[in-house]
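Data first, discussion second: the structure below is written as structure tokens.
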Amino acid sequence: MDAQNAARTTTAQTAAHDRDMRPVLDAQDIARVLTRIAHEIVERAKGADDVVLLGIPTRGVHLARRLAAKLEEITGTKIPVGSLDITMYRDDLRMKPARAIGRTEIPGDDLDGRLVVLVDDVLFSGRTIRAALDALGDLGRPRAVQLAVLVDRGHRELPIRADYVGKNLPTSLRETVKVQLQEEDGRDAVLLGQRTPQATGQQ
């Protein structure tokens, strides 16, 4: 099987698997929980004057941009938003195939003294966030670091928790959670299904 046919087969398998997954959140639900999280950030930070949002690629970046837009609607202030690539800080580099290095974009001058809110789509073992904290430590010294996630599915392996959660979703390790966003997937949804060897891009 050549590479093109293999890619088509994988795409077809992924699409078939997605159809078997159960919707947990739809587009309206995602918009609603992001609005709630934005209000919670404003309340907890007593405004958003020193807030910086950093999304963890890929979908965390899109969620961070949406949160920034909602924060601007609430506060009337443009919120700095960027991205934080964690590829070289992961603890599984030796166990998985080589990954493409993403982009880290730090808005403004620096992060020193700012309230940094890391944004990701799914919180699972906590290892991604640990890597993000290591990456952040090389970029500056924020006043505080908080975490906002669309879905917390449990099964933590490290003592890490989210400050802002769109939906707590109890799962088994045999299940997989897939976040789809308009910017990447053409629609907004959170799907829950059984893990399969062919399933890709899932948490």
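The values are calculated or read from the model by the stated rules, or taken from the named source; none is laboratory data. Since this is a predicted model, take the numbers as computed values, not measurements. Positions of Cβ are generated from backbone atoms using ideal geometry, with glycine treated the same way; all protein chains shown enter the neighbour counts. Surface accessibility is based on the protein's heavy atoms, side chains included, excluding ligands, DNA and RNA. Shrake-Rupley method; radii C 1.70, N 1.55, O 1.52, S 1.80 Å.
The table below lists the values:
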read-out: Criterion violated by Gln202 - all others in (1) surrounded by 15 or more Cβ atoms within 10 Å (Cβ to Cβ); (2) under 24 Å from Val33 (Cβ atoms); (3) at pLDDT 95 or above satisfied; value: (3)
read-out: Where a residue in segment 101-121 is farther than 24 Å from Val33 by Cα and its partner, wherever it lies, is assigned to a loop (DSSP other than H, G, I, E, B) and among the small types (Gly, Ala, Ser), with Cβ under 9 Å and at least six apart; value: Ile106/Gly140; Asp110/Gly140; Leu111/Gly140; Asp112/Gly140; Gly113/Gly140; Arg114/Gly108; Arg114/Gly140
read-out: Answer residue from segment 173-192, given it is of a type in the set (D, E, K, R) and in contact (Cβ under 8 Å) with a residue 40 or more places away in the chain and is surrounded by the most Cβ atoms within 10 Å (Cβ to Cβ) among those; value: Lys178
read-out: Only one of Pro159, Pro170, Pro142 that is surrounded by fewer than 19 Cβ atoms within 10 Å (Cβ to Cβ) and over 28 Å from Met21 (Cβ atoms); value: Pro159
read-out: Members of segment 32-91 that are closer than 22 Å to Asp134 by Cα, under 17 Å from the mean Cα position of the chain (by Cα) and of a type in the set (A, V, I, L, M); value: Val52, Leu53, Leu54, Ile56, Val61, Leu63, Ala64, Val81, Leu84, Ile86
read-out: Subset of segment 65-86 (residues that are farther than 11 Å from Ala38 by Cβ and of a type in the set (A, V, I, L, M)); value: Val81, Leu84, Ile86
read-out: Those helices (runs of 4 or more DSSP H) lying entirely in segment 21-139 with at least 1 residues among the aliphatic types (A, V, I, L, M) and open to solvent by 70 Å² or more (accessible area, probe 1.4 Å); value: 127-137
read-out: Subset of segment 163-186 (residues that are part of a loop (DSSP other than H, G, I, E, B) and closer than 29 Å to Arg44 by Cβ); value: Asp163, Leu169, Pro170, Thr171, Leu181
read-out: Condition broken by Gly82, with the remaining ones in (1) in contact with a Pro (Cβ under 8 Å, 6 or more places away or on another chain); (2) within 14 Å of Tyr164 (Cα to Cα) satisfied; value: (2)
